[in-house]
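Notes for the one structure printed next.
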Amino acid sequence: MPLTASQIAEQLHGEVVGDGSIELTGLAPADSAKPGDLTFAEKETYFAAAEGSQAAAILVPSGFTSSKKVLIRVPNARVAMAKLMPIFFPPDQHVPGIDPSAMIAPSAQIDPTCHIGPNCVIGARVRIGARSVLMGGNHLGRDCQLGDDVCLFPNVVIYPKCQIGHRVAIHAGSVIGSDGYGYVFDTSFHRKMLQVGNVIIGDDVEIGANAAIDCGALGSTVIGQGTKIDNLVHVAHNVTIGRHCLVMGQVGFAGSTRLGDYCVIASQSGIAGHLTLGHQATVGAKSGVMRDVPDKGTVLGIPALPDKQTKRQIIALQQLPELIHRMRELEKQVAELKAGEGLA
């Protein structure tokens, strides 16, 4: 259904500059926009490309003007785009009902508005809230609890006793509540330490594909409200991640580490066990964190150090070849001076 520029501006609490009655039928980047599309530009360089495109209108921050295109001015163009995406690209709708191939324990409680896809297995005393979706091939162990509007993509596995809040999305192949890595050396072999805890996931969390969140050894592994976890992340037993954290791909957390709220952990970083990362802590990509990080601290490198210290070390390493060359020249000059003194 097309929307006018004025209708979109109203939804975004923005303003139209130009013809507000123009109809917008799609959303596209400038290089592929067609007539009727809305595109966006955050910077002058992008704005020039947007003006030269076939798009009918441009979503921009305050301050932009154009003699060629209708503009929709908003406080933050990227945030506005995120709000518009579901309007132009609505998510798939899943019809309430249970596929005949699903295996459901008699004691499970499933809201009638849920969609249970093919080949799902739902264990004893599981509870699933309103409008939740299991797309297919999902396995929910006994005593799991899922809130309202949860979406499990294909082949997500939830181990027993895990608790998942409202509006949580978990992408394909992820495993929630698998055994933590717990062993104790007993005489001549490694004896397994049973992992009998669970995982608690707060509201509005999203977990990417093929992530593994281990259960607590005795207590709980906790993922806080609003946290977003990328693909291929491992969270070990008894880790606590605070609210609204961002965890990028291929990050690994060792056991019992605690993160505050609004932390950012960049890709391919490893966090040692039993550490504390304070509120708004940031870990740079490919870092090995072996010490606590204070509130608002930023660390980088292996081992991870305060970012300014690491950057000074990187700069010093880049200068090392020239320093070696200069040192050899000085050694050569000293040797020549010594040789000259010997001849005298």
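The values are calculated or read from the model by the stated rules, or taken from the named source; none is laboratory data. Quick caveat, the model's predicted, so the values are computed rather than measured. Cβ sites come from the backbone with ideal geometry, for glycine too, and all protein chains shown count toward neighbours. Note: areas computed on protein heavy atoms with side chains; ligands, DNA, RNA excluded. Shrake-Rupley method; radii C 1.70, N 1.55, O 1.52, S 1.80 Å.
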Within the chain, pairs of Lys residues whose Cα atoms are less than 23 angstrom apart, provided they are eight or more positions apart or on distinct chains, add up to 18
Portion, in percent, of the accessible area of segment 242-344 that falls on carbon or sulfur, probe 1.4 Å: 59 percent
If you take every residue apart from Asp204 with its C-beta less than 14 Å away from the C-beta of Asp204, what net charge results, scoring Lys and Arg +1 and Asp and Glu -1? -2
With contacts defined as alpha carbon pairs under 8 Å and 6 or more residues apart, what's the relative contact order of the chain in percent? 6 percent
What's the magnitude of the charge dipole for the chain around its Cα centre, counting Lys and Arg as +1 and Asp and Glu as -1 at the beta-carbon? Answer in Debye, nearest 20. 700 debye
With x for Gly and Pro, the residue-by-residue ³J(HN,Hα) of segment 219-229, computed from phi through the Karplus equation 6.51 cos²θ - 1.76 cosθ + 1.60 at θ = phi - 60° and given in whole Hz, is x, 10, 8, 10, 10, x, 3, x, 6, 10, 10
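Considering only protein heavy atoms, what per residue accessible area in square angstrom results for segment 167-230 with a 1.4 angstrom probe? Intermediate values should be presented prior to the final figure.
Values: 2900 Å² over 64 residues.
Per residue, segment 167-230 has 45 Å² of solvent-accessible surface.
Would you mind telling me the share, in percent, of accessible area of segment 44-163 contributed by carbon and sulfur at probe 1.4 angstrom?
Working: 3460 of 6130 Å².
About 56 percent, which is the carbon plus sulfur part of the accessible surface.
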Quick check: Cα centre of segment 164-205 to Cα centre of segment 256-322, how many Å? 25 Å
Using alpha carbon centers only, segment 218-242 is separated from segment 40-86 by a whole-angstrom value of 37 Å
Kindly sort Tyr183, Tyr159 by accessible area of their heavy atoms, largest first, with the probe set to 1.4 Å. Tyr183, Tyr159
GNM on the chain, C-alpha springs below 10 Å: top fluctuator among Arg312, Arg258, Arg125? Arg312
Per DSSP helix of 4 or more residues, -39500 (n - 2.57); summed, then divided by the residues of the chain. What does that give at 222 nm, rounded to the nearest 500? -6500 deg cm²/dmol
Could the peptides 55-64, 114-123 be put in order, highest first, of the mean number of other beta-carbon atoms found within 10 Å of their residues? 55-64, 114-123
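Based on Cβ point charges of +1 for Lys and Arg and -1 for Asp and Glu, what charge dipole magnitude is obtained for segment 153-215 about its Cα centre, in debye rounded to the nearest 20?
Working: 4 positive and 6 negative charges, 39 e Å.
It works out to roughly 180 debye.
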